Amino acid sequence: MGYSPEQLRILEINAKVSGSISILGSSRLVYEILRHESLRSSNNSPPGQSVSNMNTKRGCLQMISVLHQILLGMSLFDIGASSMYFVGSWAIPSDVEGNQFQPSGTDATCTAQGFLFQTFASAIPFYNLSLSIYYYLTINHSWKEDRMRRRWFVFHILPCTFGILTATYGVATQQFNPNELWCWFTGTEQSNLLKFLFYYGVLWVIFAVIITLFALMYRHVRKQETAIQRYSFANIALRRASDQQGSMQNEDHSASDHMSQHMQAALQEEERKARRLSRPIFIQGLLFTIVFFITFFFPTLFRALQFHYDQITFFIPFMMTLFLPLQGCMNYLVFKRQFIQSFFCRRSNRKNRNSIQALPNSNRNNTENGGGAADVANITAPSEDRRKQMMLNPHRRRSGFIILGTESQNELDNLKVTAQSMRMPTIDAAPTPPADIILKEQTLTEELEIIENDFPVDQDLQDDAAAAVLGEQTDAPTTTSSTRTNEDTDALSDHNDAITDNHEAITDTDDAIDG
């Protein structure tokens with residue numbers, strides 16, 4: 001590399017710290033996988049049969065799910081590789097000339113480190129390839145766990161055999177020699193060629209295969225979601241058509257609504273099941289692949305730059321020694337992704353709940369202490385100009401009502417929506433008879449009276465509601481004298497007079513209270 005002793009010391013310490021963190025993460029991942037499978041086996045074991053008896057019959061490894069087998073093998077090999085990163089230059093012979101940081105080994109320790117390093121480090125990319133193949137078979141070909149179990153050994157053959165065979169060849173040909181950081185393929189032209197053939201060349205091929213697999217998975221997931229959306233839109237159209245047809249028949253209207261609710265619930269359940277089988281699995285596999293690319297990006301860049309430059313900037317080996325031993329920790333974070341997301345969601349919900357609970361107290365304290373009184377006054381009381389207008393015009397005093405609570409405001413909002421909906425013309429509706437108009441007026445008046453008994457009501461809102469009813473009455477299609485009887489006309493006139501008397505009584509009551 002040609003770096004100074006201080007720079008090599010930084011690189012060595014960087015690799016030791018990252019290797020230690022990776023060992024902890026991979027060890028924790030192994031523990032949680034074994035603990036999870038042990039609990040699952042104990043829950044699924046038949047009565048009267050212990051877990052140990054089941055393990056002897058089926059085999060301990062076969063009881064673990066295939067996905068957990070791959071993650072378990074990847075974590076175990078990562079522990080071995082991270083241990084070699086942690087040992088680093090300590091395994092280099094002490095009599096070697098160079099700028100290595102604290103070399104204190106022998107030729108035997110250097111050879112052993114090269115053998116273990118090649119065995120463990122070269123197996124990790126193959127386990128990432130096995131993980132990608134697992135997700136590809138699960139998503140694109142819908143392979144179930146039972147079918148995976150019958151071929152579980154396929155996912156472990158290449159990672160185990162390739163590393164051991166290439167490491168054995170390196171020991172037999174004495175190609176493991178010390179460099180600035182650790183012992184590996186280096187020192188001769190043949191060892192440099194073996195480094196690219198047995199590690200980086202294979203790594204780049206695995207990169208290409210994984211990218212191809214995830215491109216196919218992404219295409220499959222997009223097709224599946226598009227089909228789900230088309231199916232959803234078609235069912236919504238059918239449901240709306242059935243609702244419109246049912247609305248023409250008043251007797252079957254409630255049954256149609258009931259069926260529509262069931263159809264909507266069934267449709268949503270179908271969509272959730274389909275997405276549960278594709279998108280979450282794809283995201284989980286994609287995150288493991290992103291960790292794989294982050295881990296080996298800087299080593300790949302470093303070796304590629306060696307073809308063109310004799311001296312490479314210190315930043316690239318620094319990032320290489322930081323991320324290369326750190327894959328175990330990042331794999332553990334991806335493995336616990338759902339737990340981390342739920343933790344932050346619970347924390348966010350707790351903060352929102354506390355802020356909502358503290359909101360009335362804070363408003364009351366701000367009002368009493370004078371802090372933020374202007375903001376609270378805009379919500380809880382009318383402005384000063386509005387108060388003067390209320391005093392000058394007693395009939396408009398109710399416009400400056402005070403919001404007493406959330407339920408009261410919701411009732412007012414519902415009343416406004418009702419009045420607005422009554423203004424909207426009805427499409428393809430039959431002419432409304434006068435009796436229905438009277439019934440709507442009675443319902444609206446009763447709602448106004450109920451709200452007025454609980455808290456002051458906005459006079460503008462009453463005027464708007466009355467105008468809405470009168471406007472609907474004016475817009476209603478006229479009929480002949482044969483269909484409109486004198487009794488209906490007299491009843492409508494009497495009812496309007498009753499509403500007017502009610503408004504006058506409310507106004508007189510306000511004047512008496514103010515007096």
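The values are calculated or read from the model by the stated rules, or taken from the named source; none is laboratory data. What you are looking at is a predicted structure, and each value in this text was computed from that prediction instead of being measured. Here the Cβ is made from the backbone with ideal geometry for all residues, glycine too, and neighbour counts use every protein chain on show.
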Worksheet, complete the sentence: Note on the range 170-194: residues part of a helix (DSSP H, G or I) and either touching a residue at least 60 places away in the same chain (Cβ under 8 Å) or of a type in the set (Val, Ile, Thr) (or both) are VAL171
Practice prompt. Could you tell me which numbered condition PHE101 fails, if it satisfies all but one of (1) in a helix (DSSP H, G or I); (2) within 47 Å of the chain's Cα centre (by Cα)?
Written response: (1)
Item to complete: Sort through VAL96, VAL87, VAL30 and tell me the only one that's at pLDDT below 90, of a type in the set (Val, Ile, Thr) and at negative phi.
Response: VAL96
Worksheet item: Identify, please: which residue in the range 53-84 is part of a helix (DSSP H, G or I) and of a type in the set (Ser, Thr, Tyr) and is, among those, modelled with the lowest pLDDT?
Response: THR56
Worksheet item: When only residues in the range 321-368 that are modelled with pLDDT of 85 or more and aromatic (Phe, Trp, Tyr) count, which is nearest to PHE77 (Cα to Cα)?
Response: TYR332
Worksheet item: Restricting attention to the range 171-226, which residues are closer than 19 Å to THR138 by Cα and among the aromatic types (Phe, Trp, Tyr)?
Response: PHE214, TYR218
Worksheet item: Which members of the range 157-196 meet the condition of being of a type in the set (Gly, Ala, Ser) and closer than 25 Å to GLN306 by Cα?
Response: GLY163, ALA167, GLY170, GLY187, SER191
Worksheet entry | Flag for ALA172 being within 30 Å of ASP95 (Cβ to Cβ), surrounded by 15 or more Cβ atoms within 10 Å (Cβ to Cβ) and more than 28 Å from the chain's Cα centre (by Cα) | no
